[in-house]
Amino acid sequence: MNVLLMHLSAPMQSWGTQSRFTERDTGREPSKSGVIGLASAALGRPRDQSPDDLSRLRMGVRVDREGTILRDFHTAGGGSWLGRPYGVAKADGSRITAGNAAKATVVSNRYYLADAVFLVGLEGEDRDLLASIDAALASPRWPLCLGRKAFPPAEPIRLPQGLRTDTALEDALRTWPYLVADRPGRRRDPADSLRLIIECPAGQDGEPRQDVPLSFRSDARDFSVRYVREQWLPLDRLPQEVTPCT
């Protein structure tokens, strides 16, 4: 197999998979839909182009530094402009414009990860596809973000020599150097082990996650389920104890 490794690091990231209306969640590590969306932006793919070839890639994540989940409190509406109350657009196209400003205010909670660092791997047989993503990350067609447009990467996502040939996903994740070691001004994770989240076939005691993109179209977003298994990688003996997920 061939593997493309990527470095995702930023002051703020958000990888929601269950966001609905006023509650915008984040996972503790990148979602597959978020990573495929990032690759699609680098390649310059429009939303109406099928992501099937990218979605078939197997994904794994190594958490080099766990982020802190924080809440961002938002309000919208509830004020006035030129003496007229302005409302908030609803899904059906109408607007909330109650005379009472408090009733016209929409409150939302948006969660994000602060100060997290991830090593993400995509595995597939098509080396040309992975090479095209690698090249696009070096010169992306559209701006790249880590889950939300307001969250740009703090460091280059593309890793030199990040495209590995004839390598299993697990081996690539466990042999790449620690991303936050020996960097001035960077806080190391106090844990003595790193989490690995590896995509597995169904029926192997994996955790289901509905984050495989079938369509990115704004009017027809659709996702399917994959399964992942969490493992641990000791820092002092990088990481012979990782069990392949096959």
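Sort 111-118, 205-212 by the packing proxy (mean of other Cβ within 10 Å over each peptide's residues), most packed first.
Top of the packing list down: 111-118, 205-212.
Quick query: amide H of LEU194 versus all other amide H atoms, modeled in the peptide plane; which residues come in under 5 Å with a sequence gap of 5 or more or a different chain?
Excluding prolines and chain starts, which carry no amide H, the hits are LEU233, LEU235.
Distance in nm between label sites at ALA135 and MET1, each 7 Å beyond Cα in the beta-carbon direction?
2.5 nm
Once you put a point 7 Å from the Cα of ASP236 and another 7 Å from the Cα of ALA150, both along the Cβ direction, what distance in nm separates them?
4.3 nm
Hey, fewest Cβ within 10 Å first, where do LEU8, LEU43 land in order?
LEU43, LEU8
For a quick check: sort HIS74, HIS7 by the number of other beta carbons within 10 angstrom, fewest at the front.
HIS74, HIS7
R0 = 51 Å: FRET efficiency of ASP205 with GLN161, Cβ-based, nearest 0.05?
Working: r = 34 Å, r/R0 = 0.66.
After rounding to 0.05, the efficiency reads 0.90.
Can you order the peptides 44-51, 26-33, 197-204 by their average number of other Cβ atoms within 10 Å per residue, highest first? Write down the numbers at each step before the final one.
Numbers: 44-51: 13.8, 26-33: 22.9, 197-204: 15.8.
Ranked by mean Cβ neighbours within 10 Å, highest first: 26-33, 197-204, 44-51.
Read-outs: derived from the displayed coordinates by stated rules, not from any lab. Values in this document were obtained by computation on a predicted structure and should not be read as measured data. Note that each Cβ is placed from the backbone with ideal geometry, even for glycine, and that neighbours are counted across all protein chains shown.
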